1. Can you tell me which residue among Val38, Val15 is of a type outside the set (Lys, Arg), assigned to a strand (DSSP E or B) and surrounded by 12 or more Cβ atoms within 10 Å (Cβ to Cβ)?
2. Can Glu50 be described as over 17 Å from Thr3 (Cα atoms) and not aliphatic (A, V, I, L, M)?
3. Of Thr10, Thr20, Thr3, which residue is outside any strand (DSSP E or B) and either within 14 Å of the chain's Cα centre (by Cα) or surrounded by 13 or more Cβ atoms within 10 Å (Cβ to Cβ) (or both)?
4. Say we look at segment 41-71 and pick out the residues that are assigned to a strand (DSSP E or B) and hydroxyl-bearing (Ser, Thr, Tyr); which of these is surrounded by the fewest Cβ atoms within 10 Å (Cβ to Cβ)?
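Each reported figure results from applying straightforward, stated rules to the coordinates on display, with no laboratory input. Worth saying up front: this structure is predicted, and the values here are computed from it rather than measured. Positions of Cβ are backbone-derived with ideal geometry, glycine not excepted, and every protein chain shown enters the neighbour counts.
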Amino acid sequence: MQTLIFNTTTKSIKVYENYTSENQKILMEMSSIPTVKVCEGFYEVIQSDEFEKKYPVLRLPISNTNMVITK
């Protein structure tokens, strides 16, 4: 099971493998993330560029991913 942590203040995400207090291996880290969409069967990570154009950059299956939203 992987864990997606979305920080709404810094607009960033981190994806951890088997997130526990002892094990915090980061699989992916991204910034400039205005939102994470909940779609049918997956979370879609949306990134924005310097021109404020938004586009999807990552999809994670809901069945295999816990999502935590922080401020």
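1. Details: Val38 fails: surrounded by 12 or more Cβ atoms within 10 Å (Cβ to Cβ).
Exactly one residue qualifies, and that residue is Val15.
2. Numbers: over 17 Å from Thr3 (Cα atoms): yes; not aliphatic (A, V, I, L, M): yes.
Spelling it out, Glu50 is indeed over 17 Å from Thr3 (Cα atoms) and not aliphatic (A, V, I, L, M).
3. Details: Thr20 fails: either within 14 Å of the chain's Cα centre (by Cα) or surrounded by 13 or more Cβ atoms within 10 Å (Cβ to Cβ) (or both); Thr3 fails: outside any strand (DSSP E or B).
Being outside any strand (DSSP E or B) and either within 14 Å of the chain's Cα centre (by Cα) or surrounded by 13 or more Cβ atoms within 10 Å (Cβ to Cβ) (or both) holds for just one of Thr10, Thr20, Thr3, which is Thr10.
4. Within segment 41-71, the first condition is being assigned to a strand (DSSP E or B), and the residues that meet it are 42-48, 54-61, 65-70.
The next check asks that each one be hydroxyl-bearing (Ser, Thr, Tyr); those that pass are 43, 48, 55, 65, 70.
Working: Tyr43: 19, Ser48: 16, Tyr55: 8, Thr65: 15, Thr70: 10.
Within segment 41-71, the match that is surrounded by the fewest Cβ atoms within 10 Å (Cβ to Cβ) is Tyr55.
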